[in-house]
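Everything below concerns the one structure shown next.
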Amino acid sequence: MITSTGNNFGAGSITLKDFQSEKVLVLNGKFSFSNKSEAFKAATVLEIYVPTLSIPKSGMSGCYIMYEANGKFYGTTIKTWVKNRNTICVEKLDHWSDQTDDYTIYFANLYVPKGQRGVFEVCQATRLTLTNTTSNNNYGYYQSCYICDDWCMIALMTESYNTASGTNDEVVTLDGFPTDVDVELPFVGDSVNGGQSYGTDMLKASIKDATLTVFQVPFGWGGMPKEHFLFGVFIRNKQ
């Protein structure tokens, strides 16, 4: 785990799960903060100050920003990078302060050193067997999965999306995926809600014990046919 020593946008202490080597830095976790603070308003880039990192500077990576309005979740992806060994930067995005007081940032991503010229180890490509135990939604319309000793990557996309009456959790077993991953992240819709100026529909999701759960999917969410997706790089909790 890595715990921040401070930040420039008025958030409290930030703790993230980390895997660090000379070639990669993987961060998992989430934190929320107010978009009404003077510190956030004054910041041009969000900076998180941390103890020494394993890489001095990185290329661009991506993380998620989510907010809640009228009982629903929306958001998008934003840029993030390592500025130096003590600073993680996140793109500042503030399109929704008229709709919400709080933003949540999700890290489920990997950074590589800027200008790296060495050989990058290729992880094992794995074809998962997906079993949706709660509906007939096809989460394996597109899938990509790579498994390394200390971290792994997964990308899933639905071909279409049907939701039953009411509000229900979607549960999908990921046979072949590491059982030592425990992470939260958004499940992202591909269509912009008509009432929002920016961002797209999102739902909260988690992967634990090789099981994907998409929480509280409301009836009619996202429409049909739509290509919703989940993507992340996750740390394995190997003992």
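What follows is calculated from the coordinates using simple rules that are stated; it is not laboratory data. Every value quoted in this text rests on a predicted model; they were computed, and no experiment measured them. Using ideal geometry, Cβ is built from the backbone for each residue, glycine included, and neighbour counts are taken over all protein chains shown.
Key figures
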read-out	value
Orientation-averaged projected area, Cα convex hull of the chain (nm²)	13.1
Using a Förster distance of 41 Å, the FRET efficiency for residue 160-residue 60 (Cβ separation, nearest 0.05)	0.80
Packing-based exposure ordering (other Cβ within 10 Å, fewest first) of 94, 180	94, 180
GluC sites (Glu not before Pro) within the stretch 1-62, DSSP loop, no more than 12 other Cβ atoms inside 10 Å	22
Zone residues, the stretch 129-156, relative to residue 182, backbone N less than 17 Å from point 7 Å out along Cα-to-Cβ	151-152
Aspartates and glutamates with Cα under 19 Å of residue 208, excluding same-chain neighbours fewer than 8 positions away	18, 149, 150, 169, 170, 175, 180, 182, 184
Cleavage-rule hits (GluC sites (Glu not before Pro)) in the stretch 63-131: DSSP loop, at most 14 neighbouring Cβ within 10 angstrom	121
When each of 41/72; 36/83; 41/79; 36/114; 17/83; 36/79 is checked by Cα-Cα distance, pairs over 23 Å	41/72; 36/83; 36/114
Translational diffusion coefficient (Stokes-Einstein; Kirkwood radius from C-alpha pairs) of the stretch 124-235 at 4 °C, 1.567 mPa s, in µm²/s	90
Taking the C-alpha atoms of the stretch 2-111, convex hull volume expressed per residue in Å³	87
Per the chain, cysteines lacking a partner by the 4.7 Å Cβ criterion	63, 89, 145, 152
